[in-house]
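Inspection log for the structure reproduced underneath, given as C-alpha cells.
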Amino acid sequence: MTDLRSASVAETVRLTSEGDLTPRVVVDEALDRIASLDPGLNAFSVVLAERAHEEAVALGQGRDTTGPLHGVPIAIKEEVDVAGCVTTFGGEANTTPAAADAELVARLRAAGAVIVGKTTMPEFGAYPYTEGASRGITRNPWDPTRTPGGSSGGTAAAVASGMVPVGIGGDGGGSIRIPSAMCGLFGLKPQRGRVTTAPHEHLWWALGTVGPLARTVRDAAIVYDVIKGNTDIDLYRAGPTGSFEAAALREPGRLRIGWSVKPVGVGVRPDPLHVAAVEETARLLTTLGHDVREVDPRYPDPTAAFVPQFFAGIRSEAQAVEHYDRLERRTRETYRLGSWVTPKVTQWALRASERVSTRANRVFDDVDVLLTPSIAHRPPRVGVIDGRGTVASSLLAMPAIAYAALWNVAGNPAASVPCGLAPDGLPVGVQLVGPTDGEEVLLSLSAQLEQARPWPLLAGASGVTD
C-alpha cells in the first residue's frame with residue numbers, strides 16, 4: 001500500500017488515473033494529516049475540508065479522462081485568490097471572500113487538482129519569516145523551535161511535513177527559495193512573467209513571481225507546466241519555453257558551472273555549513289562531468305531598484321484592503337516609511353532594475369549556471385521578528401535574502417536545491433541561478449543532483465510527522 005504522506009505528485013496522479021486509488025481517498029487522507037499535524041505547525045490559515053472532499057468525490061465520478069494533476073491535494077498561499085475565501089494577505093484587513101479563483105488556481109483545478117486550503121504568510125509577504133500578530137508563528141517541521149522561513153513559510157511547512165505533496169508560494173525577494181532551503185524542499189523561482197499574476201497586473205511590479213514548492217524536481221515541473229503562460233492582463237511576459245517536465249526528465253549535458261559564496265550585499269557572512277554545501281556540490285558536479293570553477297559574479301548593487309519596489313508593493317496592497325485600520329502595526333509603519341515612493345520613483349526603480357539585470361547577467365557570458373548558497377544563515381528560532389518594527393525586521397531579513405533578492409530584481413530563474421541535513425538536524429540548500437528564460441537547464445541540472453544525492457523527503461526527525 002502506498003504511503004500517501006510521502007507520495008509524489010507524479011505517483012499520486014498515476015494511482016488516481018489508473019484507478020488504484022480514488023481522488024476522494026487521496027484528498028481525505030491529506031485532510032486527516034492536516035487535522036493531525038497542523039495544530040503543531042500552523043501551516044494553514046484556512047482548511048477547506050468539506051469543499052475539498054466534495055470536489056474530490058465529484059472528480060472521481062465525473063470524468064472519463066484525467067488531467068495532469070488528477071486528484072492531487074494542493075495548498076495555496078494566502079495572497080492568491082481562491083473563490084469563496086477571503087484573500088487576507090496574512091492579516092485581518094480584508095473581510096469579503098474572493099468572487100473567483102485567480103487564473104493559476106483555475107488552471108490547477110482544470111488539471112484535476114483539489115484545493116485543500118490556504119497557507120499562512122507574514123502580512124503582505126514582507127519578511128522571510130512566517131510570523132505576525134494575526135496568524136501567529138508558523139514552525140519548521142524539522143524542528144518546531146525554528147522558523148520555516150517565508151514568506152511562503154506556511155506552504156513550505158505543509159509540504160515538508162507531508163500534509164500535501166505540493167503547494168503554491170510566491171517569491172518577491174526569495175520567498176519560494178528561502179523556505180525551501182529551510183524546509184528541505186525544491187523551490188524554483190521562475191523567470192519574471194513566466195506564470196500569470198491575473199487578476200493582478202503584477203506582483204510587487206518587477207519583483208514578484210508565483211510558483212510551487214515541492215519535494216521533487218519533477219513534481220515542481222509538472223505543476224509549472226499546468227500554470228505557466230500569460231493572460232492579456234499580465235504586465236510581464238517571459239520568453240518561449242518547452243515542457244518543464246520533459247526538462248526534468250532529461251540529462252542536462254555538460255555545463256559550465258560557476259560557483260561563489262560571496263554575498264550580494266555587504267555586512268552578511270555565510271554560515272560555514274552553507275559554504276561547505278556549495279563546495280561539496282561543486283565537487284559533485286565535477287564528478288558528474290561538468291566544467292566547474294569558482295567565479296567572481298561581480299554583483300551589481302540591487303538596493304536602489306529593490307527597495308522602492310518593496311515599499312511600492314506594500315503600499316499598493318495596503319491601499320487596496322477593505323479595513324486599513326486592521327493592518328498590523330508594523331505594516332502601517334512600513335506604509336508610512338514608504339511615502340517617498342511616488343509613481344515617479346517607482347518608474348525610476350523599474351528602469352534601475354533593467355540596468356541591474358544587464359549587469360547581473362554578465363556572469364552568464366562565461367558560465368551556464370551560477371551556484372551559490374540559498375541563504376546565509378541557519379534557520380533562526382521562531383519569533384525572530386515577533387513584535388519588531390520595520391527597520392529591525394528588515395535588518396534581520398538580510399541574511400535570508402542575501403543571495404536571493406538580486407535575482408528578483410534581475411528577473412532570472414533561480415532554484416533552491418536540497419543538499420540533505422546538517423549536523424543540527426535542519427536542511428541545507430544551495431541556489432542554482434540560470435540565464436534569462438533558463439528554467440529548463442535548471443530543472444535538468446537539479447534533477448541530476450537529486451538523482452546523484454537524494455534528499456530526505458519528509459520532516460520526520462522532530463516527531464512532528466506520524
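Bear in mind these aren't lab numbers, they're just calculated from the coordinates by the rules spelled out. Nothing here was measured: the structure is a model prediction, and the numbers come from that model. So basically every Cβ, Gly included, is an ideal-geometry build from the backbone, and we count neighbours across all protein chains shown.
DSSP beta bridges confined to the chain are antiparallel in about 65 percent of cases.
Does segment 199-337 come out rounded, prolate or oblate, given a ≥ b ≥ c as the square roots of the eigenvalues of its C-alpha gyration tensor, rounded meaning a/c under 1.5 and, failing that, prolate meaning a/b above b/c? Walk me through the intermediate numbers first.
Values: a/c = 2.43, a/b = 1.43, b/c = 1.70.
Cα axes put segment 199-337 in the oblate bin.
Across segment 164-169, coupling constants 3J(HN,Hα) worked out from phi with the 6.51/-1.76/1.60 Karplus curve, θ = phi - 60°, read 9, x, 7, x, 9, x Hz, and Gly and Pro carry x. This model, with +1 at the C-beta of Lys and Arg and -1 at the C-beta of Asp and Glu, gives segment 331-466 a dipole about its Cα centre of some 740 debye. Classify segment 330-400: rounded, prolate or oblate, from the alpha-carbon gyration tensor (a ≥ b ≥ c, eigenvalue square roots; a/c under 1.5 rounded; otherwise prolate if a/b is larger than b/c)? Verdict is oblate for segment 330-400. Its DSSP H runs of at least 4 residues, each contributing -39,500 (n - 2.57), put the calculated 222 nm mean residue ellipticity of the chain at -11000 deg cm²/dmol, to the nearest 500.
Counting only Cβ charges, +1 for Lys and Arg and -1 for Asp and Glu, the dipole size of the chain around its Cα centre is about 1220 debye. Residue separation of D424 and D366 scaled by 0.36 nm, minus their Cα-Cα distance, works out to 17.3 nm of gained length. Of the listed values (i) 127; (ii) 154; (iii) 145, grab the one calculated as volume of the Cα convex hull per residue in Å³ from the structure here. Recomputing volume of the Cα convex hull per residue in Å³ here gives the entry labelled (i). Computed from backbone phi with θ = phi - 60° and the Karplus coefficients 6.51, -1.76 and 1.60, the 3J(HN,Hα) list for segment 236-248 is 10, 9, 7, x, x, 8, x, 5, 6, 5, 4, 5, 5 Hz; x is used for glycine and proline. Close amide-amide hydrogen proximity is noted between G117 and L48, I76, each under 5 Å apart and 5 or more residues distant or on a separate chain (H modeled in the peptide plane; Pro and chain starts excluded). Here the gap between E201 and N94, fully extended at 0.36 nm per residue and compared with their Cα-Cα distance, gives a gain of 36.5 nm.
Annotation: amide H-H contacts under 5 Å for V292 (H modelled 1.01 Å from N, sequence separation of 5 or more, or interchain): I257. Near T209, the amide H atoms lying under 5 Å from its own belong to D171, G172; only residues 5 or more places off or on other chains count, and H is placed 1.01 Å from N.
Between R359 and Q451, the contour length at 0.36 nm per residue exceeds the Cα-Cα span by 29.8 nm. Applying both filters, DSSP loop and at most 11 other Cβ atoms within 10 Å, to the GluC sites (Glu not before Pro) of segment 1-74 gives E18.
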